[in-house]
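The values are calculated or read from the model by the stated rules, or taken from the named source; none is laboratory data. Bear in mind the structure is a predicted one, so any value in this text is a computation, not a measurement. Cβ placement follows ideal geometry from the backbone for every residue including glycine, while neighbour counts extend to all protein chains displayed.
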Amino acid sequence: MAITLVIHGGAGNITPAMMTKEQEQQYNEGLKLALDKGYDVLKNGGASLDAVVTAIAALEDNPIFNAGKGSVFTKK
């Protein structure tokens, strides 16, 4: 059985050109962590809903993303 889990880091228009290499690495690491945590749930026989909740929680717990905080923050 194949396992597929898809996430995204937001609906904004941030491109790698707008970030430092360090920031880009932090985004990629945060996304990978969320995928890995959700995948682990599925790999261990967990329910798909639990995998999604786990992946979302990883994004919500990461300060790089504003997941679970409402609309995109106003940048001044």
- Task: Please specify each residue of segment 24-42 satisfying the condition of being farther than 16 Å from Ile7 by Cβ and in contact (Cβ under 8 Å) with a residue 12 or more places away in the chain.
- Result: none
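Out of everything in segment 62-76 that is under 12 Å from the mean Cα position of the chain (by Cα) and at pLDDT below 90, what residue ends up being surrounded by the fewest Cβ atoms within 10 Å (Cβ to Cβ)?
Pro63
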- Item | Residue match in segment 40-47 (condition: of a type outside the set (Ser, Thr, Tyr), at pLDDT below 90 and part of a loop (DSSP other than H, G, I, E, B)) | no
- Query: Being at pLDDT 90 or above and among the polar types (S, T, N, Q), is that true of even one residue in segment 28-37?
  - Reply: yes
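Restricting attention to segment 13-34, report how many residues are among the basic types (Lys, Arg) and exposed (fewer than 11 other Cβ atoms within 10 Å of the Cβ).
Taking segment 13-34 and keeping what is among the basic types (Lys, Arg), we get 21, 32.
Now narrow it down to the ones that are exposed (fewer than 11 other Cβ atoms within 10 Å of the Cβ): 21.
Residues meeting the conditions: 1.
In the list Thr15, Thr4, which residue meets the criterion of being over 18 Å from Phe65 (Cα atoms) and either more than 11 Å from the chain's Cα centre (by Cα) or not hydroxyl-bearing (Ser, Thr, Tyr) (or both)? Working first, answer last.
Numbers: Thr15 fails: over 18 Å from Phe65 (Cα atoms).
The conditions single out Thr4.
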